[in-house]
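The values are calculated or read from the model by the stated rules, or taken from the named source; none is laboratory data. Keep in mind that what you see is a predicted model, and the values were worked out from it rather than measured. Glycine gets a Cβ as well: all are built from the backbone with ideal geometry, and neighbour counts include every protein chain shown. Quick note on the areas: whole protein, heavy atoms, side chains included, nothing else; ligands and nucleic acids left out. Shrake-Rupley method; radii C 1.70, N 1.55, O 1.52, S 1.80 Å.
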Amino acid sequence: MSAASTRSRTPDRLCAEAVDLARTAAEEAAAPGVVGEYTGLVSEGDRVVTHFFECKELGYRGWRWAVTVARASRAKIVTLDEVVLLPGPDALLAPEWVPWSERLRPGDMGPGDLLPTDAEDLRLEPGYTGEDEPLPSSPVSHEMAELVEAEDAEVTEGAPASLPVAPTRGSIAAVAEELGLRRARVLSRYGLHIAADRWEEAFGAKTPMAQAAPAPCVSCGFLMPIGGSLGQAFGVCANEFSPADGRVVSLAYGCGGHSEAAVMPRPPQPPPPVIDETTVDPFPLRPSADSGSVPAVPDESAADLGHS
């Protein structure tokens, strides 16, 4: 251990004896009768000591008045540094504050609640920009177009259902398999209607959540489109904080988690300080001759008025 570390941990004798000075400072800063018994001291460094006094203020159980005193090198006068109320090891403290964006959990949002999204939310990306350049994730992007041109379609013999093995990628049979043409049965018009009625009743425009929503799902960035004829009226919600996350919702449905309903603004810049403590104001050592309240006059006039 170095000599400097030893000096900083050993309380200065004069600063440690300045208990009365510390108590007087604490009583001046606190309300009358709230400064309690002396509880000890801590060496903050060379010739810097903090004295602690019990706090009797209601609502501050376990807190302590901390008074820091110090003295200059080779000086015998101890001066006051600061007085502050600090929590002790057994102090009653409020829980650590957590931002609302971290406290929010799926299912917390109800009808009428509004969930703002960050302007740079990683879950969203720009949609239509007015340019002919499609997004990289678009099915009509240049990468997909080049892939289609590079792979020639193959014509297979017979219907896809009669093929002994799975069709190869890029063949007509593979496209038919992806479109569902190899299924024995598909939804009828009646099946589509009853499915649409169920989804409309659960997540439609007449639900309380949709009635209090700021905008419908058709303009929300979290809406995932679905294929087929039902895609003209329904989509899938992809907002984890929405009550319809992962559900098929009507395009007229809505909730407070709409991507464009409330965008969080950027934090405002603090105004310039009223008093700039970082600059130095120049002051003259001697006042100027015309700075006084009595104008400067010759000695003869002053003698007539009785001035010496």
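A few notes on this one:
- Single residue of segment 223-239 satisfying the filter (at pLDDT below 90 and in a loop (DSSP other than H, G, I, E, B)) that is surrounded by the fewest Cβ atoms within 10 Å (Cβ to Cβ): 227
- Of everything in segment 240-261 that is of a type in the set (S, T, N, Q) and in a loop (DSSP other than H, G, I, E, B), the residue that is nearest to residue 201 (Cα to Cα) is 242.
- Answer from 41, 21 - the residue that is open to solvent by 50 Å² or more (accessible area, probe 1.4 Å), more than 30 Å from residue 244 (Cα to Cα) and in a helix (DSSP H, G or I): 21
- Within segment 21-32, no residue that is among the small types (Gly, Ala, Ser) sits with its Cβ atom under 6 Å from a residue that is assigned to a loop (DSSP other than H, G, I, E, B) and open to solvent by 20 Å² or more (accessible area, probe 1.4 Å) at 6+ positions apart or across chains.
- Leading residue by the ranking (nearest to the chain's Cα centre (by Cα)) among those in segment 55-67 that are at pLDDT 85 or above and surrounded by fewer than 19 Cβ atoms within 10 Å (Cβ to Cβ): 60
- Looking only at segment 46-82, residues that are out of contact with any Lys or Arg (no Cβ under 9 Å at 6 or more places or on another chain), assigned to a loop (DSSP other than H, G, I, E, B) and charged (D, E, K, R) come to 5 in all.
- Test: residue in segment 287-308 that is in contact with a helix residue (DSSP H, G or I) (Cβ under 8 Å, 6 or more places away or on another chain), open to solvent by 50 Å² or more (accessible area, probe 1.4 Å), modelled with pLDDT under 70 and part of a loop (DSSP other than H, G, I, E, B): yes
- Any hit, segment 73-95, residues being under 30 Å from residue 241 (Cα atoms) and either within 35 Å of the chain's Cα centre (by Cα) or among the aliphatic types (A, V, I, L, M) (or both): yes
- Selection within segment 73-115 - open to solvent by 80 Å² or more (accessible area, probe 1.4 Å), touching a residue at least 60 places away in the same chain (Cβ under 8 Å) and under 30 Å from residue 24 (Cβ atoms): 76
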